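Visitor: First, the structure itself, so that you have it in front of you.
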Amino acid sequence: MPGDLPGVVALLLRLLLAWQVVWGLVAFVAMWRDKGLASEAGRTRIPERQLHALEARGGWLGSWLAQGVFRHKTRKVAYQRVFRRIALSWALADVLIVAGLILLPVIFN
């Protein structure tokens with residue numbers, strides 16, 4: 001088991017990265033689509049609750065990039081307040097997960 005640990009750690013890190021990349025792409029496309037809908041009068045937009053749900057699932061980085069690229073939702077204070085909490089939570093979780101996975105082999109050796 002201890003010999004397999006570095007491989008398991010590497011796999012978990014790749015899975016974490018893949019998870020966030022996939023949800024990031026989904027969130028990026030959703031923000032792009034919502035920006036397009038915002039410019040068309042009378043079109044139903046993507047609810048902010050759904051955009052936040054995508055961010056909370058791991059798409060916070062894609063959403064952040066889309067906000068910058070499309071200049072969308074950047075001035076809306078209430079939206080940014082929720083988004084920043086989600087992003088901070090994910091960033092902190094990423095740091096703790098990576099630190100924990102890096103320390104696992106040290107602990108078990």
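Each value in this text was obtained by applying a stated rule to the coordinates, not by laboratory testing. These numbers come from a predicted model, not from an experiment. Glycine also receives a Cβ, built like all others from the backbone with ideal geometry; neighbour counts cover every protein chain displayed.
Visitor: With a Förster radius of 30 Å, plug the Cβ-Cβ distance of Leu37 and Ile102 into 1/(1 + (r/R0)^6) and report the FRET value to the nearest 0.05.
Guide: Efficiency, from the Cβ-Cβ distance: 0.10.
Visitor: Okay, next question. At a 10 Å Cβ-Cβ cut-off, how would you order Leu65, Leu96, fewest neighbours first?
Guide: By the 10 Å Cβ count, ascending, the order reads Leu96, Leu65.
Visitor: Can you give the local net charge around Ile46? Use residues other than it whose beta-carbon is closer than 13 angstrom to its beta-carbon, Lys and Arg +1, Asp and Glu -1.
Guide: +2
Visitor: If a paramagnetic tag sat 7 Å from the Cα of Val8 along the Cα-Cβ line, which residues of segment 78-109 would have the backbone N under 15 Å from that point?
Guide: Those under the cut-off are 100-109.
Visitor: Ignoring everything except DSSP H segments at least 4 long, calculate the 222 nm mean residue ellipticity for the chain; use -39,500 (n - 2.57) per segment, divide by total residues, nearest 500.
Guide: Mean residue ellipticity, 222 nm, calculated: -26500 deg cm²/dmol.
Visitor: So how compact is segment 5-108: Cα radius of gyration and Dmax in angstrom?
Guide: Using the Cα atoms of segment 5-108, the pair Rg, Dmax is 16.4, 60 Å.
Visitor: With helices defined as uninterrupted DSSP H runs, which ones in the chain have an alpha carbon span along their own long axis of at least 24 Å and mean Kyte-Doolittle hydropathy of at least 0.5?
Guide: Both cut-offs are met by 5-38, 77-108.
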